[in-house]
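First the structure, in the form of C-alpha cells, and then the observations on it.
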Amino acid sequence: MLYFFTLFLTGYVVACGIPRFTALYASSPDRSEPSMAFKHLFPVAVGIALAFLCWWETQWQAVSLGKTLEPLILNPESAQTLQLRFAVHAVFFLFLLAATYIDFEEMIIPDTITIPGTILGLLFATFLPQTLLPATQMLPQSVFPQILYGENSVPLHIASSQAWPESFSPAPATLSLFVLLGIWWFWCFATMNRVWYGRLPFRKAVAIFWRYLKRSRTTPLLLALGVLGSVGIAWMWKTAVPDSLHWRGLVSSLVGLFAGAILIWSVRIIGRFALGREAMGFGDVTLMAMIGAFVGWQPCVLIFFLAPLAGVFLGIGRVLLGLGRELPYGPFLCLGTVVLILFWPQCWNFGEPFFSWTAFVPTVMFLCLVLLGAMLWGWNRIKSKIINKK
C-alpha cells in the first residue's frame, strides 16, 4: 500500500510542475485558462493514474497475458520484467502527459519534450529490451491462414511474430548499419529549425533554407547529437551477437521512430495540399517519432487508427471542463497510445494477422492516405463553394 501511495505522490508532484513548465511556452495573452476544477483535479487524477498503471501492468496483466484471445497466447512474464516495463511506461506516460497539456494550452509540442523523450525511448529499447511490448513467437507454417502460434512471449521486434530478418542482423550485415544510420540522421535533420518557402524560386528557397539552418542555435547541438548517436549505433552493430536482444531492441526502436514520423508527416503534407494551409503542426511529427521509439512500428500503425477515436472522448472532456472547443491532434495520438498499451494483448491479437502479410500494411496505409487526401480536398471544396457563400 505504501508503494502505491508513493507513486500517487510522485504523480501528484509531477502534475503540479507541468503547468509551470507550460507557462514557459505561453505566447498568447488572451489564451483560455483552465477552470479551477481542472486545476485542482488534474494533479490528483495524475497521481491516481500512475498508481493504477502500476497495478494494471504488474498485477492485472501478469494474469491476463496468459488468457488473451485465441489463437494467440502470451505467457505470464517475470515480476522483474513487469516492474521494469512499468517504470519505462511511467516515464513515457509523463512525457505524453506533458506534451498533451502544452498542446492543449499553447497548440504546440516543444522539442524540449520530444527530443529527450525520443532519446530515452531508444536507450530503454537498447539496454532494457525486455521492457518492449510482449509479442508471440510464430511456429513454422505451411499454408496461410493456418497459422500455429507458440506460447513463448518475446519482446516485440520489426518482424514479429515471424523470424528475424537476416538483413537486419549486426555485423557483417552492412545493410542494417546503413539503414539505421540513415534513420538516425533523418530524425536529427527533421528536428532542426528550418523553413521552406515553396512559393519562392527553388534556388532562393534553398539559400534561405540553409541560411536559417546556419543561424539556428540548435543546429550545432543536433549535429553533435547525430555524430554521437552514429558512433553508438556503429558500436552496437560491431559488437552485438546475431541473436542479441539489445541489437533487436535498437533496430525496432529506430524503425518505429521512422515509421511514426513518416505516418504523421505524410498526413501533414497531404493536408497541406488538400486544404491549401497547414493542417497539422510539425510537433505532431516529432511526437509520433517519440512514440515509435518507445513502442515500435506495428503499434504506430494501430495508434494511427486509434487516435481519431480517442479524439472524440478528448473533445467531449475538453468542452465539459471549460477548456474551449479548438482541438490539437497531439493529444489524440497520446490517448491512442495509452489505450494501446493498456489493452496491448487485445490490440496485438487484432493486428498481428495483418502484420504477417508483407505487403498488406503499406498497401492499406497508402490507400488510407489517398482517401484522406480526397476527403479533405472534397470537404475544402464544399466549404469554399457552399458554406462560405452563405
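Inter-label distance, LEU123 to THR6: 2.2 nm, where each label sits 7 Å from its Cα along the C-beta direction.
Between TRP357 and VAL227, 0.36 nm times their residue separation minus their Cα-Cα distance comes to what?
This chain segment gains 43.2 nm when fully extended.
Peptides 167-174, 115-122, 265-272 ranked from most to least packed, by the mean per-residue count of other Cβ atoms within 10 Å: 115-122, 265-272, 167-174. On full extension, the segment bounded by ALA163 and ARG381 gains 73.7 nm, given 0.36 nm per residue less the C-alpha separation. Here the simple spin-label model places points 7 Å from the Cα toward Cβ, and for PHE21 and THR218 these points are separated by 1.6 nm. Residues CYS16, CYS334, CYS188, arranged from fewest to most other Cβ atoms within 10 angstrom of their Cβ, appear as CYS16, CYS188, CYS334.
Once R0 is set to 35 Å, what does the formula 1/(1 + (r/R0)^6) return for the Cβ-Cβ distance between ILE48 and LEU309, expressed as a FRET efficiency to the nearest 0.05?
The computed FRET efficiency comes out at 0.90.
Scalar couplings 3J(HN,Hα) for the stretch 285-295, obtained by applying the Karplus form with A = 6.51, B = -1.76, C = 1.60 to θ = phi - 60°, are 5, 5, 5, 5, 5, 5, 4, x, 5, 7, 10 Hz; x denotes Gly and Pro. Taking all Cα pairs closer than 8 Å and separated by 6 or more residues, the relative contact order of the stretch 167-268 comes to 37 percent. Our summary gives the stretch 220-303 a relative contact order of 34 percent, counting only alpha carbon pairs under 8 angstrom and 6 or more residues apart. Once the C-beta distance of ALA374 and ALA171 is scaled by a Förster radius of 30 Å, the resulting FRET efficiency is 0.05 to the nearest 0.05. Cβ crowding within 10 Å, taken as a proxy for footprinting-reagent exposure, orders MET365, MET290 from fewest neighbours to most as MET365, MET290.
Values in this text are rule-based calculations from the coordinates and carry no lab data. Model, not experiment: these values are computed from the prediction. Note that each Cβ is placed from the backbone with ideal geometry, even for glycine, and that neighbours are counted across all protein chains shown.
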